[in-house]
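First comes the structure, then the notes that go with it.
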Amino acid sequence: MKQFPELHTAQLRLRMANHGDIPALVKYCHNQKISDQIINIPYPYTEQDARERLEFINKGFADNNRYVFAITLQSHHELIGEIGIHLDTTNNHAQMGYWVAEPFWGRGIATEAVGAILLFGFRELGLHKIYATHYPDNKTSGNVMVRNGMIKEAELKDHYRVKDVYKTVFQYRLTIDEFNVLKQ
């Protein structure tokens, strides 16, 4: 894909993050409730972290192995979260990850964004499988996946090492065949 795609849902616009998003990234990622759930969001979160995040996003798109979208409301274009997929072209699958800023929790934003990314991954990128993980104490994230038809397939014991602590995650998946059944 030569140009970064833009996706629209009933209440959301998913677009490429840009330097204008740095203040919102700092404002919303500087939250321990976010950093405790997202492995690559440090706390405290600084402007330098936001600049490095944008470089990471842009490099992933340039290398054609990562699509990270800024989540915005249709009515307001400030970044209020992110959702992305990291491609494994050898196996034709992708890992999805997302976060939504705390003031926007409980409004169905993550559920809607995940639905849009699943559609994009299967229909536009031709992926065979998309999967995502969450920590056991983040049941809300698991509920987002279930609401989108994803299937819990594993508990990955001590899967990530975060600040010298091993953390377990639950993994959910959706294959193209499972997705097509959902969309019938």
Being within 18 Å of Gly84 (Cβ to Cβ) and exposed (fewer than 14 other Cβ atoms within 10 Å of the Cβ) narrows it down to one residue among Arg123, Arg107; which is it?
Arg123
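Taking Ile34, is it open to solvent by less than 80 Å² (accessible area, probe 1.4 Å), touching a Gly at 6+ places or on another chain (Cβ under 8 Å) and among the aliphatic types (A, V, I, L, M)?
no
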In segment 128-157, what count of residues is obtained for those that are assigned to a strand (DSSP E or B), open to solvent by less than 80 Å² (accessible area, probe 1.4 Å) and of a type outside the set (Phe, Trp, Tyr)?
9
Single unsatisfied condition, Tyr98 versus (1) out of contact with any Gly (no Cβ under 7 Å at 6 or more places or on another chain); (2) open to solvent by 20 Å² or more (accessible area, probe 1.4 Å); (3) within 19 Å of Lys152 (Cβ to Cβ); (4) among the aromatic types (Phe, Trp, Tyr)
(1)
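Determine if segment 12-19 includes at least one residue that is more than 25 Å from Lys167 (Cα to Cα) and of a type in the set (Gly, Ala, Ser). Show your work before the answer.
To start, the set of residues in segment 12-19 that are more than 25 Å from Lys167 (Cα to Cα) comprises 12-19.
After this cut, where a residue has to be of a type in the set (Gly, Ala, Ser) as well, the list is 17.
Scanning segment 12-19, I find at least one residue that is more than 25 Å from Lys167 (Cα to Cα) and of a type in the set (Gly, Ala, Ser), so the answer is yes.
Please verify whether Thr168 is open to solvent by less than 60 Å² (accessible area, probe 1.4 Å), touching a helix residue (DSSP H, G or I) at 6+ places or on another chain (Cβ under 9 Å), polar (S, T, N, Q) and more than 22 Å from Val26 (Cα to Cα), treating the condition exactly as stated.
Numbers: open to solvent by less than 60 Å² (accessible area, probe 1.4 Å): yes; touching a helix residue (DSSP H, G or I) at 6+ places or on another chain (Cβ under 9 Å): no; polar (S, T, N, Q): yes; more than 22 Å from Val26 (Cα to Cα): yes.
It is false that Thr168 is open to solvent by less than 60 Å² (accessible area, probe 1.4 Å), touching a helix residue (DSSP H, G or I) at 6+ places or on another chain (Cβ under 9 Å), polar (S, T, N, Q) and more than 22 Å from Val26 (Cα to Cα).
The values are calculated or read from the model by the stated rules, or taken from the named source; none is laboratory data. A quick note: this is a predicted structure, and the numbers were derived from the prediction, not measured. Here Cβ is always computed from backbone atoms with ideal geometry, including for glycine, and neighbour counts include all displayed protein chains. We work out accessible area using only protein heavy atoms, side chains counted, and drop any ligands, DNA or RNA first. Shrake-Rupley method; radii C 1.70, N 1.55, O 1.52, S 1.80 Å.
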